[in-house]
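Q: Questions regarding the structure given below will be posed in turn.
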Amino acid sequence: MESTDHDDSPRTRGSAPGAALRAALPATFPVFLGYTTIGAAFGLLLASSGLPLWAAPAMSIFVYAGAAQFMGVGLIASGAGLAEIAAATFLLNLRHMVYGLSFLETYSRAGARKPYLVLTLTDETYALLSTVAAPPGIDPDRFRFWVSALNQSYWFLGTLAGTLAGGLAAFDTRGLEFSLTALFTVLLIEQTRKVRSPLPYLASGACAVGAYLALGPSRMLLPAIGAAGVLLFALRGRLEARG
């Protein structure tokens with residue numbers, strides 16, 4: 001990812017931390033608009049689910065995965081087991097492994113900041129760091145750190161505000177859970193732009209319907225995911241032949 005670094009000289013790498021923060025603020029403003037809004041929706045949804053209010057900010061610090069947090073609230077509220085929640089979260093966030101592989105060189109000199117950079121590499125942060133370069137004279141690793149930290153702070157503040165609002169006042173949250181469906185719909189649309197063959201979607205849909213009819217909504221998740229994985233592996237040759 002050399003394109004994200006204008007200047008990685010020793011002089012640049014010693015630039016003032018405040019300069020990197022000032023450079024990261026305008027770069028992360030679009031994420032601020034999205035994260036605070038969706039984060040507030042997540043906070044309201046959690047507050048209405050009956051879970052303790054501290055769970056929302058705690059999840060935003062230690063989990064920090066928007067889709068997984070929405071999904072986690074629904075699974076916990078429905079009585080799903082720990083194994084189901086862990087497996088669903090792992091599979092949902094599996095795409096982050098691809099992000100990590102593409103950033104191996106980019107993060108190679110991050111030093112003590114590297115674990116935090118890895119933890120906070122969300123979809124939006126990856127998109128920013130892949131396209132927005134540190135300005136000349138700014139330490140690239142400090143710039144990446146502040147982009148990551150600011151994005152997480154936006155999400156944390158949004159979830160905290162939504163949770164407090166939901167705890168202090170009675171909100172009609174009917175339909176708010178659809179934000180998760182909308183989020184997954186957007187992810188599905190993005191996938192259809194990359195994978196044009198209808199086979200993966202038909203196979204996964206058939207497995208989901210079959211598991212729902214056979215096991216019911218509360219026990220269908222893991223069997224549906226497992227069956228879809230096996231079926232897609234069996235269809236791998238046909239999918240690769242179709243490009």
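Q: Please identify the trypsin sites (Lys or Arg not before Pro) of the stretch 70-129 that satisfy two criteria: DSSP loop assignment and at most 15 other Cβ atoms within 10 Å. Which are they?
A: Passing both the DSSP loop test and the Cβ count: Arg95, Arg109.
Q: Within 10 Å of each candidate Cβ there may be at most 14 other Cβ atoms; applying that plus a DSSP loop requirement, which trypsin sites (Lys or Arg not before Pro) in the stretch 195-243 survive?
A: Qualifying residues, ordered by number: Arg196, Arg242.
Q: A further question follows. Measuring from label point to label point, each 7 Å out along Cα→Cβ, what is the Ala127 to Ala87 span in nm?
A: Between Ala127 and Ala87, the label points sit 3.1 nm apart.
Q: By counting other Cβ atoms within 10 Å of each Cβ, how are Val230, Val118, Val147 ranked from fewest to most? Please list the in-between numbers first.
A: Values: Val230 12, Val118 15, Val147 26.
The order, fewest Cβ neighbours first, is Val230, Val118, Val147.
Q: Additional query: Taking the Cα atoms of the stretch 2-168, what is the range of coordinates along each of the three principal axes, in descending order and whole Å?
A: 54, 33, 23
Read-outs: derived from the displayed coordinates by stated rules, not from any lab. The structure displayed is predicted, hence computed values, not measured ones. No Cβ is skipped: glycine too gets one built from the backbone with ideal geometry, and neighbour counts run over all protein chains shown.
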